[in-house]
Amino acid sequence: MQHAQEALHGVSAEFPGSEFVRQTMAVAEADIRKLVHDPIELFTRLVQPALWLLIFGQVFTRVRAIPTGGIPYIDFMTPGILAQNVLFGAIFYGISLIWERDLGIVHKFLVSPATRTALVLGRAVSSTARGVSQMVLIYVLAFVLRVHLRLDPISILGVIAAVMLGAAVFSTFSLIAACIVKSRDRFMGIGQVLTMPLFFASNAIYPLSMMPSWLRAFSRVNPLTYQVDALRRLMVVGGTTSFGLFEDFGVLLIVLIILISVASRLYPKIIT
């Protein structure tokens, strides 16, 4: 926290936008330090995707009841489980904001030179580090399970970009929820209510073609659907995209910009 404050107060305007970038990265660094000093959470979050891939994935690979476009079901499912892990890790990200408010840390950030947008974007950036860490662990697990992964540099960079965008989207959404409810107990309840609908109303474990029309319509406005769609095309051999990578990344980027704008307006209200 002290390092973040010193960085925030020591920024300069050498180049246009440099101050904003430094403010953003100072906030991100403060959050990333927590992850470095306590990495156990990353490994505990690996338990759920491991169960999905080891049990659900293995069983349905044998059943072959779900159309996967000609690839093994576990290959079809792996990008969805990566997106799920990113979602579950990011959607509860806002509870740290409530905790920091109770400790008075948020007050210190708000009186710093950093803009509200930099404070929100900095947290979004820090969540991407957590998402990429989870990606590495799931890649290792998928390799052990002999999932047919694309390992060329361009595909891996695309997966990293999709993971980072998804983590930023859902962590910012989580911050908005934290600014509104302002209570840890209420926030945990809302987080649990949101995760399952977002996950099951996406193409993470079954294709859009299997959904009833009303659920398919909801999935089209679900950001997780576009993240999974991009990951499936970039992560596994033979994976296809329903919308195209341009649309997938475009939707995620537009949603992120909207959420950051909303969160920046709500952020000071976390202390009122």
Under the Karplus relation 6.51 cos²θ - 1.76 cosθ + 1.60, θ = phi - 60°, what is the ordered set of whole-Hz ³J(HN,Hα) values for region 117-133, x standing for Gly and Pro?
-> 5, 5, 5, 5, 5, x, 5, 5, 5, 5, 5, 5, 5, 5, x, 5, 4
Restricting to Cα pairs under 8 Å and 6 or more apart, the percent relative contact order of region 120-186 works out to 53 percent
Residue order, fewest to most beta carbons within 10 Å, for 210, 235 = 210, 235
Segment residue 55-residue 240, extension gain: residue separation times 0.36 nm, minus the distance between their alpha carbons | 64.2 nm
Around residue 70 (Cβ within 15 Å, Cβ-to-Cβ, excluding residue 70; K/R +1, D/E -1) the net charge comes to +2
For 52, 99, what's the fewest-to-most ordering of other Cβ within 10 Å of each Cβ?
-> 99, 52
Applying the Karplus parametrisation 6.51 cos²θ - 1.76 cosθ + 1.60 with θ = phi - 60° to the phi angles of region 220-228, what ³J(HN,Hα) value in whole Hz is obtained for each residue in order, glycine and proline being reported as x?
-> 6, 10, 9, x, 4, 4, 6, 5, 4
Relative contact order %, region 39-271, counting alpha carbon pairs below 8 Å whose residues are six or more apart | 31 percent
Euclidean distance of C-alpha centroids, region 138-169 and region 213-272, integer Å | 17 Å
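Read-outs throughout are calculated quantities, based only on the coordinates presented, and are distinct from any laboratory measurement. All of these numbers come straight from a predicted model, not from anything done at the bench. A quick note on method: Cβ atoms are made from the backbone with ideal geometry, for glycine too, and the neighbour counts reach across all protein chains shown.
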